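Presented below is the structure to which this report refers.
Taken together, the values in this text are just the output of simple stated rules run on the coordinates, not laboratory data. Only a predicted model underlies this, so the values are computations on that prediction, with no experimental measurement involved. Positions of Cβ are generated from backbone atoms using ideal geometry, with glycine treated the same way; all protein chains shown enter the neighbour counts.
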Amino acid sequence: MAKLSVKSSITEAALRRFILNAKEGATLSCTAIKGFSVYKNRAQNSASFRYRPSLRGASRNSIIIGKANVLKIAEATAMVLGIMEGINDGEEAKDTLRSGRIASTKRLHSKNENDLSILGNFFEKVYMPIKQRLNEDTAYDSYTIMKREFGHLFKKPMSKLTSKDITKWQDQKEKQGLAYKTIERYYATLIALISMAIKLSHDSSGEHAGILFDSPFPVRPLRGASKAQREAILRQERDIDTHVRRMLEKEELIKLEKAMERYAQECVDGRERSRKHSNKLHLPCLKDVTFPHWIMPYIYISYYTGLRPGDVSGLEWQDLHNGKLNKVTEKSKHLTKPVVVKLSLSNTKSVFKYSLVEVLTIWRAQQGNPKTGWVFPQIRDASKPLSEKGYKKSWAKITEYAGLKLHMYSFRHNFISTLIREGMNMKLVATMSGHKTTEMIERHYAHHFPSDVEEAMSVF
């Protein structure tokens, strides 16, 4: 018999509206194929494709074709047409569904790698590629967290995740002694993935429409911090505020610059060895170069601007114009109203031998005086910026030489702490450091107002 070819009258948009608004037991019938419909299930935002044969000699019982959040309408339609062909050939409808006549049945029942409603499949095929395009470094962190923490859930459909799954996981993490903030951060990675699936699912023009209509968790499944955990968080934050969010000592900065000079000399010596003994004369000599390695201007810029490491790595020459720096922060680029750091480029110097203007001028000249492009491009591909964490190896060596335990972020803490200690207006500090509001600064840097507190208390 000739192969049937009929297009369903049910559209993806109509299906989504039905799933979101219909009551349990309601049906959405296809006018083009008699007996083909969508049935609203009891579970929230759940529906299934069904077919009730109307052909003579066939069983008249309704057959469940598959879940509407797993199968696309075209797939369900093809399966129904396959059943109808089987009935015409004398087969029972359910036998046809189980047979190899319908290719999509295998996809439905085995939930193979092409089923993007499965957590692991969506993670590998959709979430990770998007994350890598946005930020390669945070993508690696997300990959590690998801694989390690939630790999045991990868075979489950996202709509079937339960609060019990999260509670059980949290119990295990707490038994292992994991800090509550860390547990919360790992949980947030899973929620970010689910949020992306929901967003893509509701995009009527997207190829992933219908993957997940709503969160599988009616309420937040992660328990709040216990009293002991809250006390531990407060102690940790106080310790960080006091010992990390602070101004750097002059002696520390002097040690850092000496360590940078030592590291620079090692770069020069290493290049000379390569040129002489490894037959790499095509490599330029670094003897007369002010900055033999990009880590030197990277550190100076971090110190003078207080930019986050990711923002320094993503800095472009276009961001520097007419003695001003206007940089959209990397973490806010996706927002409708991104946060912009606004600074004047200073030509003054106190501890370090170069001012910010001198550093930028020298480094630009070493790069061939570009007007556009990345300030710190990748060595092997100048069209891409330096990796957000690309500085770590060189920074570890420099801090080792300096005998200091500092993070690159220490320059940001120093920048904000110094501005506050100098009595700078809080709103201006927020603008200069790339914060949307003053809330974070007020919460974590208040200890830099000792004189104000003493003066206020002296009235009693």
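Annotation: the residues Ile379, Ile73, sorted from fewest to most other C-beta atoms within 10 Å of their own C-beta, follow the order Ile379, Ile73. From largest to smallest, the equivalent ellipsoid semi-axes obtained for the chain from the alpha-carbon gyration tensor read 58, 29, 20 Å. Counted by neighbouring Cβ atoms within 10 Å, the residues Tyr187, Tyr51 run from fewest to most as Tyr187, Tyr51. Suppose the Debye formula is applied to equal point scatterers at every Cα of region 109-232; what is log10 I(q)/I(0) at q = 0.09, 0.10, 0.14, 0.15 Å⁻¹? Result of the Debye calculation: -0.27, -0.33, -0.63, -0.72.
With 22 Å as the limit, write out which pairs from Lys342/Lys384; Lys258/Lys324; Lys7/Lys34 have Cα-Cα distances beyond it, or answer none.
Checking Cα-Cα distances, Lys342/Lys384; Lys258/Lys324 exceed 22 Å.
For the residue pairs Lys147/Lys181; Lys181/Lys333; Lys155/Lys227; Lys125/Lys389, the C-alpha atoms sit more than 27 angstrom apart in Lys155/Lys227.
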